[in-house]
1. Just the residues that are touching a helix residue (DSSP H, G or I) at 6+ places or on another chain (Cβ under 6 Å), closer than 17 Å to PRO195 by Cβ and modelled with pLDDT under 95, please, taken from the stretch 63-116.
2. Take the residues in the stretch 184-213 that are touching a residue at least 24 places away in the same chain (Cβ under 8 Å) and either acidic (Asp, Glu) or in contact with a Pro (Cβ under 8 Å, 6 or more places away or on another chain) (or both), then tell me which one is farthest from GLU151 (Cα to Cα).
3. All but one of (1) more than 25 Å from PRO161 (Cβ to Cβ); (2) modelled with pLDDT of 95 or more hold for ILE252; state the number of the condition that does not hold.
4. So, of the residues in the stretch 231-263 that are over 20 Å from the mean Cα position of the chain (by Cα) and among the small types (Gly, Ala, Ser), which turns out to be surrounded by the most Cβ atoms within 10 Å (Cβ to Cβ)?
5. Kindly evaluate GLY109 against the criterion of being open to solvent by 30 Å² or more (accessible area, probe 1.4 Å) and on the phi > 0 side of the Ramachandran plot.
6. Out of (1) over 20 Å from VAL99 (Cα atoms); (2) in contact with a helix residue (DSSP H, G or I) (Cβ under 8 Å, 6 or more places away or on another chain); (3) open to solvent by 70 Å² or more (accessible area, probe 1.4 Å), the odd one out for LEU192 is which?
7. Looking at the stretch 268-304 only, could you name the residues that are in contact (Cβ under 8 Å) with a residue 60 or more places away in the chain and either small (Gly, Ala, Ser) or assigned to a strand (DSSP E or B) (or both)?
8. State whether the residues of the stretch 90-99 include one that is part of a loop (DSSP other than H, G, I, E, B) and either of a type outside the set (S, T, N, Q) or open to solvent by less than 10 Å² (accessible area, probe 1.4 Å) (or both).
Amino acid sequence: MDTSRWYRSFAEVEARGNSEVYEEWGTGVSEDPAVLALIDRLPEPRRQPNLIFGACRHLGAPVAPYALFRRWLSDNWSEVEQLAQTRTTQTNEAGRSAVLLPVLGLLKGPLSLIEVGASAGLCLYPDRYSFLYDGTKYLHPVDGPSTVLLECATTGSPPIPERVPDVVYRAGIDLNPLDVDDTDDMRWLESLVWPEQDHRRRRLRDAAALARVDPPHLVRGDLTSAVTDLVERAPRETTIVVFHSAVLNYLIPTARDEFAEAVHALPCRWIANEGLGVLPEVDAKLTASPEARRGKFVVSLDGTPRGLAGGHGQSLDWLDQTHTAPAG
């Protein structure tokens, strides 16, 4: 992938309207041959804007105009390069639970949740968070309002359930699971939150505090080989749900195909929340216009698109108004 084009696309599609700082940095890098030469020393998966910018902020880069950021990056490149080689973009955005909840509500409970690419596992707690849809419809855990409130704007009348799901088992897989009790792991997650988005940073801290009370069962391993074992361990009397958000884009296409084949063969339901182009067989079923899809994730159930979502769970455009779940 051309690194200059990658950073320009990040600035114009992902950062624009979400982070003025990252939009300026992304545009600046895309037009800066010297900085591009540094980044191109890294293997392609390690060149991604979120990883490089997150590593810079973890190491103390100033939230400043591009000229000052560039000077800092040049002076500290060796440390940034080393961190980018050892860390990955494990953004653990609990807000994505808001776009998964309507799909979970289509399924018969109780549920066993298995998250692929779980990071610290903060998306495994949809029953512990409060939700606010369109500024009017609240949904709270059975024991009352949560310290974590996830807000989401919708179109297309998604089937928002009347109550949070009944989750009786939760587990996750990651190549490098993060620990909510580990200070450096939590600092890294905070570094991945975009500069101006203090509400996401507060939400991350509050969600981690909830997870510390009842830590998730996280296993280290390859997602395709480990998911089978976790599905087999889940309670048989439950609906087993394998889900993931912004994970498969880090795999090569053949590995994505292998994962999809493995999940289809398991006794589970499959919810994916991935960017356009990651699951072409899902994208091929979309009827939404190219403009409506721009910058959105595709939320699907068992390979059928159900919605287009904002990358951090801030919006959901529902595509299916039948409110029924296909057979799994």
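1. Residue satisfying the conditions is THR89 alone.
2. That would be ASP185.
3. With (1) more than 25 Å from PRO161 (Cβ to Cβ); (2) modelled with pLDDT of 95 or more applied to ILE252, the lone miss is (2).
4. Filtering first and then ranking leaves ALA234.
5. Numbers: open to solvent by 30 Å² or more (accessible area, probe 1.4 Å): yes; on the phi > 0 side of the Ramachandran plot: no.
So GLY109 does not fit the description; no.
6. Unmet condition: (3).
7. From the stretch 268-304, those in contact (Cβ under 8 Å) with a residue 60 or more places away in the chain are 268-269, 271, 273, 294-295, 297, 299, 301; that's our starting set.
Scanning the stretch 268-304 gives ARG269, ILE271, ASN273, GLY295, PHE297, VAL299, LEU301.
8. Restricting attention to the stretch 90-99, the residues satisfying the condition of being part of a loop (DSSP other than H, G, I, E, B) are 90-93.
Then keep just the ones that are either of a type outside the set (S, T, N, Q) or open to solvent by less than 10 Å² (accessible area, probe 1.4 Å) (or both); that gives 93.
Yes, there is a match, as at least one residue in the stretch 90-99 is part of a loop (DSSP other than H, G, I, E, B) and either of a type outside the set (S, T, N, Q) or open to solvent by less than 10 Å² (accessible area, probe 1.4 Å) (or both).
The values are calculated or read from the model by the stated rules, or taken from the named source; none is laboratory data. Model, not experiment: these values are computed from the prediction. Virtual Cβ from ideal backbone geometry, glycine too; neighbours counted across all protein chains shown. Surface accessibility is based on the protein's heavy atoms, side chains included, excluding ligands, DNA and RNA. Shrake-Rupley method; radii C 1.70, N 1.55, O 1.52, S 1.80 Å.
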